[in-house]
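For reference, the structure discussed in these notes is given below.
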Amino acid sequence: MSARLHFTPGARTAWHSHDGGQTLYVIDGVGLVQSRGEDVVEIRPGDVHRTPDGQEHWHGAAHDQFMAHLSITEGPTTSGDHVTDGEYGTGA
């Protein structure tokens, strides 16, 4: 499945994972992505970010930037908890 998603500043997904993984192609703005237990990674236009099969993660816009990306998923999504303001702000 593919989708084009737009995030307003500070907006982000919940923690989630994808059977088969997910690839993000950043097309505009500045975003953040984090896999559970890892550091937050900044993503910018032209960046391609791959999350492996079953790895829990979140992604969204930076605090003060819009962000848009194309998302390619290989299988169903499993949704988790909302990313708290503390997690988003600290990359915990």
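The values are calculated or read from the model by the stated rules, or taken from the named source; none is laboratory data. Given the structure is predicted, the values throughout are model-derived calculations rather than measurements. Using ideal geometry, Cβ is built from the backbone for each residue, glycine included, and neighbour counts are taken over all protein chains shown. Ligands, DNA and RNA are excluded from the accessible area calculation, which covers all protein heavy atoms including side chains. Shrake-Rupley method; radii C 1.70, N 1.55, O 1.52, S 1.80 Å.
State yes or no: is L70 touching a Phe, Trp or Tyr at 6+ places or on another chain (Cβ under 8 Å) and modelled with pLDDT of 95 or more?
Working: touching a Phe, Trp or Tyr at 6+ places or on another chain (Cβ under 8 Å): yes; modelled with pLDDT of 95 or more: yes.
Yes; evaluated as a whole, the condition is true for this residue.
So which residues in the stretch 63-92 are under 13 Å from the mean Cα position of the chain (by Cα) and assigned to a helix (DSSP H, G or I), if there are any at all?
Y88 - this is the single residue of the stretch 63-92 that is under 13 Å from the mean Cα position of the chain (by Cα) and assigned to a helix (DSSP H, G or I).
Are any residues in the stretch 1-40 open to solvent by 60 Å² or more (accessible area, probe 1.4 Å) and within 18 Å of Y88 (Cβ to Cβ), and if so, which ones? Please lay out each step first, then the result.
Here is the first cut: in the stretch 1-40, the ones open to solvent by 60 Å² or more (accessible area, probe 1.4 Å) are 1-2, 4-6, 8, 12, 19, 25, 27-28, 36-39.
Those that are open to solvent by 60 Å² or more (accessible area, probe 1.4 Å) and within 18 Å of Y88 (Cβ to Cβ): L5, H6, T8, R12, R36, G37, E38, D39.
Results for (1) part of a strand (DSSP E or B); (2) within 10 Å of the chain's Cα centre (by Cα); (3) of a type in the set (A, V, I, L, M); (4) over 18 Å from T78 (Cβ atoms), shown as yes or no for each residue.
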| site | (1), (2), (3), (4) |
| --- | --- |
| A3 | yes, no, yes, no |
| H6 | yes, no, no, yes |
| P9 | no, no, no, yes |
| G20 | no, no, no, no |
| L24 | yes, yes, yes, no |
| Q34 | yes, yes, no, no |
| D39 | no, no, no, yes |
| P45 | no, no, no, yes |
| H49 | yes, yes, no, yes |
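Could you list, in sequence order, all residues of the stretch 29-81 that are within 16 Å of A14 (Cβ to Cβ) and of a type in the set (D, E, K, R)?
If the condition is that a residue be within 16 Å of A14 (Cβ to Cβ) and of a type in the set (D, E, K, R), then R36, E56, D81 are the ones that fit.
Which residues, taken from the stretch 51-62, are in contact with a Lys or Arg (Cβ under 6 Å, 6 or more places away or on another chain) and assigned to a strand (DSSP E or B)?
The first filter runs over the stretch 51-62 and keeps only residues in contact with a Lys or Arg (Cβ under 6 Å, 6 or more places away or on another chain), leaving 56, 58, 60.
Hits for the stretch 51-62 are W58, G60.
Which residues, taken from the stretch 50-88, are surrounded by fewer than 12 Cβ atoms within 10 Å (Cβ to Cβ), more than 12 Å from T23 (Cα to Cα) and of a type outside the set (S, T, N, Q)? First the steps, then the outcome.
Taking the stretch 50-88 and keeping what is surrounded by fewer than 12 Cβ atoms within 10 Å (Cβ to Cβ), we get 50, 63-64, 76, 79, 81, 84-86.
So of that shortlist, the ones also more than 12 Å from T23 (Cα to Cα) come out as 63-64, 76, 79, 81, 84-86.
Answer for the stretch 50-88, where residues must be surrounded by fewer than 12 Cβ atoms within 10 Å (Cβ to Cβ), more than 12 Å from T23 (Cα to Cα) and of a type outside the set (S, T, N, Q): H63, D64, P76, D81, D85, G86.
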